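The values are calculated or read from the model by the stated rules, or taken from the named source; none is laboratory data. Keep in mind that this is a model prediction, so the values were computed, not measured. For neighbour counting, all protein chains shown are included, and Cβ atoms are generated from backbone atoms with ideal geometry for every residue, glycine included.
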């Protein structure tokens, strides 16, 4: 089993995390506190195991059915988002398989992967809830109207709720598994 072979190179703590998280069957949620580069600390709750491609397909359907004023900035924003989603969905299957085969990530459970060289844990899923604990220092950006329209549309799409986090395994104090939820405590 690849997991057991790769574990030989990890610290005791990382090995323990892999075993604990990997033993969970049917996990659907993960909760953790995360501090981003802007200094914002927030408590996140994500749904794991969500298929990103399905999220893109559903988002494309919702966008294509979205009514906007013809000739408006909203129409331009919608058209560009639709084009972008179609291009991402039409990626060549062989290209996807090549990327996966060359991957240096080890799947622990759906949505939780271990980056083998660094021992960092990557968590991917659909955002359910975010509670800001400490606000961050964000730079004010003067976006163009089309960019603002795109961001507003994305907020309401499944693909706009998709999140990926990099958690330093050695900074995780404990992992608690409560039913169908994994809690990372730092």
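Worth pointing out:
- Selection count where residues are surrounded by 12 or more Cβ atoms within 10 Å (Cβ to Cβ) and modelled with pLDDT under 95, scope the range 69-97: 5
- Annotation note: of 35, 27, 47, the sole residue that is in contact with a strand residue (DSSP E or B) (Cβ under 6 Å, 6 or more places away or on another chain), under 20 Å from residue 127 (Cα atoms) and modelled with pLDDT under 85 is 27.
- In the range 37-54, the residues that are under 19 Å from residue 112 (Cβ atoms) and part of a loop (DSSP other than H, G, I, E, B): 48, 49, 50, 51
- Enumeration of residues in the range 147-182 that are surrounded by 13 or more Cβ atoms within 10 Å (Cβ to Cβ), part of a loop (DSSP other than H, G, I, E, B) and at pLDDT 90 or above: 157
- Contacts under 7 angstrom Cβ, first residue in the range 118-146 being at negative phi and outside any strand (DSSP E or B), partner surrounded by 10 or more Cβ atoms within 10 Å (Cβ to Cβ) and modelled with pLDDT of 95 or more, 6 or more apart: 145/73; 146/73; 146/76; 146/77
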